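Chemist: Let me begin by handing over the structure; questions about it come next.
Only the coordinates and a few stated rules stand behind these numbers; no lab work does. The structure displayed is predicted, hence computed values, not measured ones. Neighbour counts are summed over all protein chains in view; Cβ atoms, including those assigned to glycine, are modelled from backbone coordinates with ideal geometry.
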Amino acid sequence: MTLGPNITEQLARARADLRMGVPVVLESEQSALISAAETLTAERLDLLQKMPGVSVIAITARRAETLKARVYDGDLARVLVSEDASLGWVRGIADPSGDLMTPMKGPLACARGGDARAHRAALRLTKSARLLPAAVVTPLDNPLQFASEQGLTHLLLRDAEAHLAERSPLQQVVHARLPMEVSEAGRLHVFRPEDGGEEHYAIEIGRPDRAKPVLARLHSACFTGDLMGSLKCDCGPQLRAALAQMGQAGAGVLLYMNQEGRGIGLANKMRAYSLQDQGYDTVEANHRLGFEDDERDFRLGSDILTSMGFSSVRLLTNNPRKVQMMSASGIEVTERVPLAVGENRHNAAYLATKARKSGHLL
């Protein structure tokens, strides 16, 4: 045991670095320097282009489909970066906001063959940092020496891969009594992931019997809907309706998960909203950004319920995927309780898309 950071802590540093525009080093048989395309500066791009070897921009297959880039690696494409590529061009590959104004970014030459493990890890890192899933990957010799000389975070790829594929354990930090409008017998539990990510909350209404299925809601944070009363989604009405039902029943647990925008973060959610204003539906917007339909991990909810002593739920949801993931991760769902509220003229098309493309039962 040393005072230095373990791999979990190193990955937390790497995410913070990437958000600040600082590259990180991934060491493997084919080591690489990783820079987030969203936060890369012109000065650092110029330095990358002067390094030996050819840099590529790793993008997801979803984003590659929009750009008509060749996908040779299954889930990602590696777009070659020329020596005179501008920062605007790099950002244009990553960010779809200007796709309609400058649709012709190619033809794009893509790398084929070789090891794409570092590129895949880079995309997972940028996603987990709530950045656009696009990374400039530059070949690197003597990775440990380079990281030491440049003061950069240094990761062993084999260790990073294993941890990026897992969900972080959650630790309960504190819980305290919280009287609320729906119930004066309320209690708020705060859970903190070990990887330095955002905290999640459990709101306990009354004193639910651990031996019986508890009325529960797995609710993803929605700043615009929950706090601002946005009419573009049904999140706020669902949150308040779920709490009201629990209050009426006298007991329940609402899990408030900080997985904004179906797991892509508020900034990327606003990018998706901007694309929706251009005529794309919610699923198409996510794909153009390079994300899947839904990037959330509902197993975190099961982890919290299990730690609180629950083994079965009556789940307030319209999303069958929540039921499936709860059941697959050890929580028995004895009943799906519908929660059809909040439809209006601003979100009718959004809800229809969720039903048609994501299987929501509305």
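Chemist: Please compute the length gained on full extension between Arg345 and Trp89, using 0.36 nm multiplied by the number of residues separating them and subtracting their Cα-Cα distance.
Modeler: 88.4 nm
Chemist: Next up: If you stretched the chain out fully between Met228 and Lys212, how much longer would it get, using 0.36 nm times the residue separation minus the C-alpha to C-alpha distance?
Modeler: 2.2 nm
Chemist: If you don't mind, there's one more thing I want to ask. How big is the charge dipole of the stretch 1-59 about its Cα centre, in debye rounded to the nearest 20, if each Lys and Arg gets +1 on its Cβ and each Asp and Glu gets -1 on its Cβ? Mind showing how you got there, number by number?
Modeler: Numbers: 5 positive and 7 negative charges, 21 e Å.
Its charge dipole is roughly 100 debye.
Chemist: Translational D (Stokes-Einstein, µm²/s) of the chain at 25 °C and 0.890 mPa s when Rh comes from the Kirkwood sum over C-alpha pairs?
Modeler: Translational D for this selection: 112 µm²/s.
Chemist: Can you flag which of Lys68/Lys269; Lys68/Lys232; Lys269/Lys322; Lys127/Lys232; Lys127/Lys212; Lys212/Lys269 are past 26 Å Cα-Cα?
Modeler: Long pairs (Cα-Cα over 26 Å): Lys68/Lys232; Lys127/Lys212; Lys212/Lys269.
Chemist: Now a separate question. As I understand it, the dipole of the stretch 224-359 uses +1 on the Cβ of Lys and Arg and -1 on the Cβ of Asp and Glu, about the Cα centre. Which of Gln276, Leu254, Leu316 lies farthest toward its positive end?
Modeler: Sorting the options by dipole projection puts first Gln276.
Chemist: Under the rule of at least 5 residues apart or a separate chain, name every residue whose amide H is placed under 5 Å from the amide H of Val253.
Modeler: Ile205, Leu215, Ala216, Arg217
Chemist: For the chain, modelled as a GNM with alpha-carbon contacts under 10 angstrom, which of Arg177, Arg321, Arg345 fluctuates the most?
Modeler: For the chain, modelled as a Gaussian network with Cα springs under 10 Å, the answer is Arg345.
Chemist: Could you state the angle between the C-alpha long axis of helix 348-358 and the longest principal axis of the C-alpha atoms of the chain, as a value from 0 to 90 degrees rounded to the nearest 10?
Modeler: Roughly 70 degrees between the two axes.
Chemist: Nothing charged except the Cβ atoms of Lys and Arg (+1) and of Asp and Glu (-1): what's the magnitude of the dipole of the chain about its Cα centre? Round to the nearest 20 debye.
Modeler: It works out to roughly 920 debye.
Chemist: Let me ask something else. Using only DSSP helix segments of four residues or longer, with each worth -39500 (n - 2.57), what per-residue ellipticity at 222 nm results for the chain after dividing by its residue count and rounding to 500?
Modeler: -10500 deg cm²/dmol
Chemist: A further question follows. Pull up all non-local amide H partners of Leu178: gap of 5 or more, or a different chain, and H-to-H distance under 5 Å with H placed in the peptide plane.
Modeler: Close amide H contacts, sequence-distant or interchain: Gly186, Arg187, Leu188.
Chemist: Also, I was wondering about something else. Which of Ala129, Val54, Cys233 sits farthest toward the positive end of the charge dipole of the chain, with +1 on the Cβ of Lys and Arg and -1 on the Cβ of Asp and Glu?
Modeler: Comparing the listed Cα positions along the dipole, Cys233 ranks first.
Chemist: How large is ³J(HN,Hα) for each residue in the stretch 109-115, as worked out from phi by the Karplus curve 6.51 cos²θ - 1.76 cosθ + 1.60 (θ = phi - 60°), to whole Hz, x for Gly and Pro?
Modeler: Once θ is set to phi - 60°, the couplings for the stretch 109-115 become 8, 10, 6, 9, x, x, 8 Hz.
Chemist: If you don't mind, there's one more thing I want to ask. Any idea what log10 I(q)/I(0) is at q = 0.08, 0.09 Å⁻¹ for the stretch 205-360, Debye with uniform C-alpha scatterers and no solvent?
Modeler: Summing over Cα pairs of the stretch 205-360 leads to -0.23, -0.29.
Chemist: A follow-up question, please. Indicate the gyration tensor shape class of the stretch 192-246 (rounded, prolate or oblate), computed on the Cα atoms with a ≥ b ≥ c the square roots of the eigenvalues: a/c under 1.5 is rounded; otherwise a/b larger than b/c is prolate and the rest oblate.
Modeler: Oblate.
Chemist: Next up: Would you mind pulling out the separation of the Cα centroids of the stretch 220-244 and the stretch 1-77, in Å?
Modeler: 35
Chemist: Let me ask something else. So between Ser274 and Ser97, what do we pick up on full extension, going 0.36 nm a residue minus the alpha carbon distance?
Modeler: Result for the pair: 63.0 nm of gain on full extension.
Chemist: Could you tell me which residue out of Val182, Ala202, Pro213 lies farthest along the dipole of the stretch 165-219 toward its positive end? Charges go on the beta carbon: Lys and Arg +1, Asp and Glu -1, centred on the Cα centre.
Modeler: Toward the positive end, the furthest listed residue is Pro213.
Chemist: Here's a follow-up. At Leu144 and Ser327, where each label point lies 7 Å from the Cα along Cα→Cβ, what is the point-to-point distance in nanometres?
Modeler: Using points 7 Å along Cα→Cβ, the separation is 5.0 nm.
Chemist: Explain nothing, just the number: relative contact order of the chain, from Cα pairs under 8 Å at least 6 residues apart, as a whole percent.
Modeler: 16
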